[in-house]
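I have placed the structure first, in the form of structure tokens, so that the comments after it can refer back to it.
The values are calculated or read from the model by the stated rules, or taken from the named source; none is laboratory data. Values in this document were obtained by computation on a predicted structure and should not be read as measured data. A quick note on method: Cβ atoms are made from the backbone with ideal geometry, for glycine too, and the neighbour counts reach across all protein chains shown.
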Amino acid sequence: MFLLQPPQVRELELFSAMPTHLRRPERSVWAEANRGGAPTDSFLEGPVVDELGNLYVCDIPWGRVFRIDAGGRWTQMAEYDGEPNGMKFLDQKTLLITDYKNGLMQLDVVSGEVRPFLERRNSERFKGVNDLIFDGAGNLYFTDQGQTGLHDPTGRLFRLGRDGRLDLLLDNVPSPNGLALSPDGKLLYLAATRGNCVWRVPLLADGSVAKVGQFFTSYGPSGPDGLAVDAQGRLLVANPGLGYVWVLNTRGEPVEVLRGPTGASTTNLAFGGTDRQTLFVTDSTHGQVLRATMSAPGLPLAKR
């Protein structure tokens with residue numbers, strides 16, 4: 001009988017922690033619903049790296065976006081009435097944000113101005129958008145998670161075309177979260193957090209999806225969150241309930257495990273560095289960013 005080799009285990013190292021003066025150990029509306037009312041000084045998500053090597057992260061409960069330079073120094077870029085979660089660059093100076101409270105928002109990283117991008121669908125509010133990714137043609141895929149789960153598997157996956165057409169691709173996902181595309185752009189990987197798994201979503205030429213399947217199954221109290229793909233086609237999965245990042249080969253087998261410190265909540269991840277082989281991982285429990293040097297670079301992220 002063939003037995004899989006156990007994955008290599010490595011420890012994530014600290015890149016930079018949020019300075020004390022930026023932390024807010026207070027109760028918030030977001031924490032009331034998502035952290036049992038416990039004071040939460042920050043909850044980091046949405047890492048993305050710009051062309052100059054700066055890392056951007058958002059802070060969900062306090063509606064903030066930060067820039068962290070290569071030396072680990074933090075600058076607050078914006079604070080607004082929202083709950084930002086996922087971020088990708090729309091163009092060189094504009095971040096597109098999936099905001100649980102407001103829908104899709106855009107941030108000018110030069111001026112700090114935050115404006116609506118897509119707040120509603122046919123005059124109806126979203127459940128609570130979560131993460132996003134552009135394909136090579138400039139189409140935008142984003143997840144609408146809300147409070148869905150196995151008790152209510154009605155989370156949604158949308159595609160917003162360059163022409164402004166908004167298509168609902170899936171409406172039966174238990175807590176849709178992070179997104180990543182295969183190197184050829186023909187497969188979309190979708191984290192189903194409360195299902196504790198990652199779905200494999202074939203993207204067909206006519207814009208539809210079919211034969212959606214389960215690619216990877218995890219375990220523990222909170223399932224897959226942020227996703228990324230490297231140049232070898234391996235899928236990297238941030239798993240906050242375990243404090244892990246799974247590195248999966250194209251068969252969905254774990255070949256490496258990156259492990260955060262005790263109590264870490266590894267929510268999301270992004271490639272950066274001069275060679276794109278540095279993996280940055282948000283540890284939301286501790287309000288810090290971890291990192292690891294990878295054997296393969298991450299795929300470049302498309303913009304509109």
query = So which of LEU140, LEU132, LEU118 is touching a Leu at 6+ places or on another chain (Cβ under 9 Å), more than 20 Å from VAL49 (Cα to Cα) and not charged (D, E, K, R)?
reply = LEU118
task = Starting from residues that are among the hydroxyl-bearing types (Ser, Thr, Tyr) and more than 25 Å from LYS303 (Cα to Cα), keep the ones in the stretch 143-179 and report whichever is surrounded by the most Cβ atoms within 10 Å (Cβ to Cβ).
result = SER175
inquiry  = Just checking, does the stretch 222-230 include any residue being farther than 21 Å from ILE97 by Cβ, assigned to a strand (DSSP E or B) and in contact with a Gly (Cβ under 8 Å, 6 or more places away or on another chain)?
reply    = yes
Filter result for the condition that a residue is on the phi < 0 side of the Ramachandran plot and in contact with a His (Cβ under 8 Å, 6 or more places away or on another chain), over ALA70, ALA38, ALA17, ALA31 = ALA17
request  = Give the stretch 36-62 a look and list any residue that's touching a residue at least 24 places away in the same chain (Cβ under 8 Å) and either in a loop (DSSP other than H, G, I, E, B) or among the basic types (Lys, Arg) (or both), or say none.
outcome  = ASP41, SER42, PHE43, ASP50, GLU51, GLY53, ILE60, PRO61, TRP62
inquiry  = Residues to consider are ALA270, ALA302, ALA228; find the one that is under 19 Å from SER175 (Cα atoms) and either β-branched (Val, Ile, Thr) or within 16 Å of the chain's Cα centre (by Cα) (or both).
reply    = ALA228
Subset of the stretch 1-35 [in a strand (DSSP E or B), of a type outside the set (Gly, Ala, Ser) and crowded, with 18+ Cβ neighbours inside 10 Å] = PHE15
Checklist (1) at positive phi; (2) modelled with pLDDT under 95 applied to ASN196, failing item = (2)
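Matching residues to (1) of a type in the set (S, T, N, Q); (2) free of Cβ contacts under 8 Å to residues at least 40 places away in the same chain:
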{"position": "ARG23", "(1), (2)": "no, no"}
{"position": "VAL29", "(1), (2)": "no, yes"}
{"position": "MET77", "(1), (2)": "no, yes"}
{"position": "ASP81", "(1), (2)": "no, yes"}
{"position": "ASN85", "(1), (2)": "yes, no"}
The stretch 91-114 residues that are more than 23 Å from ASP144 (Cα to Cα), paired with ones that are surrounded by fewer than 14 Cβ atoms within 10 Å (Cβ to Cβ) and of a type in the set (Val, Ile, Thr) (beta carbon under 8 Å, 6 or more apart) = LYS93/VAL110
note = Of (1) more than 16 Å from ASP131 (Cβ to Cβ); (2) without any contact (Cβ under 8 Å) to a residue 60 or more places away in the chain; (3) not hydrophobic (A, V, I, L, M, F, W, C), ASN239 satisfies every one except (1)
Number of positions in the stretch 138-173 that are part of a strand (DSSP E or B) and either touching a His at 6+ places or on another chain (Cβ under 6 Å) or polar (S, T, N, Q) (or both) = 2
message = Taking the criterion of being buried (at least 24 other Cβ atoms within 10 Å of the Cβ) and part of a strand (DSSP E or B), would at least one residue in the stretch 130-137 satisfy it?
response = yes
ask   = Which of (1) surrounded by fewer than 18 Cβ atoms within 10 Å (Cβ to Cβ); (2) closer than 24 Å to VAL29 by Cα; (3) of a type outside the set (Ser, Thr, Tyr); (4) at pLDDT 95 or above does GLY71 not meet, given it meets every other one?
value = (2)
